[in-house]
Structures are given as structure tokens and as C-alpha cells.
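The values are calculated or read from the model by the stated rules, or taken from the named source; none is laboratory data. From a predicted model like this one, the values you see are computed outputs, not experimental measurements. Every residue, glycine among them, receives a Cβ derived from its backbone with ideal geometry; neighbour counts consider all protein chains shown. The area values use the complete protein model at the heavy-atom level, side chains included, leaving out ligands, DNA and RNA. Shrake-Rupley method; radii C 1.70, N 1.55, O 1.52, S 1.80 Å.
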Amino acid sequence: MLELKFTCQCLCARISDLCIILSMKAEITLFDGNIVVYKFVQDLHIFVTAGDDENELIITTVLLGFFDAVGLLLRNEVDKRTALENLDLIFLCLDEIVDGGMVLETDASVIAGKVATRGLEGAGSLSEQTISQALATAREHLARSLLN
């Protein structure tokens, strides 16, 4: 009988620890008929929104995958200044995660690897390209994605 009580207490402690860990990672709210999952890190606020008919766990997974991928690419220096300086990498992360509202990838290491590979393929960062070069690059990527 004593062993059963101990097991139940450990299980309750593990469940409460899990709830604390999940609440520290992301917050979920319903705003104006949309599910909003958000995370605040220093002076940076990251939001993911979806319709109220979407799955909150998937939206949370998208947010956490995005945040972890950005953390990997920015070497865990995630703040507003660093994010603005590397906005091209952040946009590439978003491009790897979602396409046309469809979630493609949520694993942070895979996302960061694809973004790093795409960054090496280009002639430089997107912020250093002229508008015509950026359009040509976007056209190439679109053609490549349509052919695949």
C-alpha cells in the first residue's frame, strides 16, 4: 500500500513539472476568433496565429520549432537587434516551416540546416542584394520548388 502511494505522488509531481515546463515555453490565448501562441524573449516578441479550428499543439510546435531554429542560427543570441540584423535568415526559417498555410517542417535542426544550406548557395545575404537580384533569386527558388 505504501508503494502505491509513493508511485501516485511521483506521478502527480511529474505531471505538475510537465505543466510548469510547458507553460514556460509558450503561451496560448484566443483573440478575436483566432488562436494566438506567443513567446517573449528579452525584447523580442514572437507570435503565431491560426484560425480557431486549428490544433493548438501543432501551432505551439511551429512556434517552438521556429524559435529553436532561429536560436541555432543566431547562436542563442536571440534579441531584437540580432534579429533585425539577420532578418533574411529569419524569413528563410519561416519559408522552410510554412508554405501556403501548410506546415512543412517543425524540427529546429532540420530547419536551421536547410536555411544554412540555402545561405551558402546564394551569392551573399539577401540584405546585400539589389532588388533585381533578389527578384531573380526568388524566381529561381520558385521555379526550383515547382519542379520538385
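Sort through N76, N86 and tell me the only one that's modelled with pLDDT of 85 or more, surrounded by fewer than 17 Cβ atoms within 10 Å (Cβ to Cβ) and not small (G, A, S).
Numbers: N86 fails: surrounded by fewer than 17 Cβ atoms within 10 Å (Cβ to Cβ).
Among N76, N86, only N76 is modelled with pLDDT of 85 or more, surrounded by fewer than 17 Cβ atoms within 10 Å (Cβ to Cβ) and not small (G, A, S).
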Of G51, G65, G71, which residue is more than 13 Å from V103 (Cβ to Cβ) and surrounded by 11 or more Cβ atoms within 10 Å (Cβ to Cβ)? G71
A careful count of residues in the range 23-77 that are under 22 Å from V110 (Cβ atoms) and among the hydrophobic types (A, V, I, L, M, F, W, C) gives 19
Just checking, does the range 50-73 include any residue being modelled with pLDDT of 85 or more, within 16 Å of the chain's Cα centre (by Cα), closer than 27 Å to L146 by Cβ and not in a helix (DSSP H, G or I)? yes
Expected output for the range 133-148 (first residue without any contact (Cβ under 8 Å) to a residue 60 or more places away in the chain, partner of a type outside the set (S, T, Y) and not in a helix (DSSP H, G or I), Cβ below 7 Å, 6+ apart or cross-chain) is T137/G122; T137/Q129
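Quick one: how many residues across the range 34-63 are polar (S, T, N, Q) and closer than 19 Å to A83 by Cα?
Here is the first cut: in the range 34-63, the residues polar (S, T, N, Q) are 34, 42, 49, 55, 60-61.
Now drop any that are not closer than 19 Å to A83 by Cα, which leaves 42.
Looking only at that region, the number is 1.
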Could you list all residues from the range 26-48 that are open to solvent by less than 30 Å² (accessible area, probe 1.4 Å) and not in a strand (DSSP E or B)? A26
